[in-house]
Amino acid sequence: MPLIEVTLAEGRTPDQLRALLGDVHTAVERSLEVPGPSIRVIIREVPPEHWLSGGQTLAEKAAAATSH
């Protein structure tokens, strides 16, 4: 039973997240040739204030980008 976890910064719509779940599921089903009912896909959403990249949080980067 494959278990795939995807971690993203918060901010996508429910439709985008659902599309991602379906696409990942399909890719695993095709590439590993496993039955669909055995595949599990989890999305973990992280607040931008809790994600650091290059010494700045994603929230800080977004704020800096909109202030220019």
Test of understanding: what is the full-extension gain from V34 to L8, defined as 0.36 nm times their sequence separation minus their Cα-Cα distance? 6.8 nm
With a cut-off of 8 Å between alpha carbons and a minimum separation of six or more residues, what is the relative contact order of the stretch 3-66 in percent? 40 percent
Using the crude model of +1 on Lys and Arg Cβ and -1 on Asp and Glu Cβ, and no other charge, please compute the dipole size for the chain relative to its Cα centre, in debye to 20. 40 debye
Correct option for percent of Cα pairs over 21 Å apart [calculated from the coordinates] among (1) 29; (2) 42; (3) 36: (2)
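Cβ under 14 Å from E45's Cβ, E45 left aside: what net charge do those residues give with Lys, Arg +1 and Asp, Glu -1?
On the way: positive: R12, R18, R44; negative: E5, E10, E49.
Charge balance near E45 sits at 0.
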Rounded to whole Hz and in sequence order, give me ³J(HN,Hα) for the stretch 42-56 from the Karplus expression 6.51 cos²θ - 1.76 cosθ + 1.60, θ = phi - 60°, writing x for Gly and Pro. 10, 10, 10, 9, 10, x, x, 6, 9, 10, 9, 9, x, x, 10
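Bear in mind that the values in this text are calculations on the coordinates, not laboratory data. On a predicted model such as this, the values are computed, not experimentally measured, just so you know. FYI the Cβ positions are ideal-geometry reconstructions off the backbone, even for glycines, and counts take in every protein chain you see.
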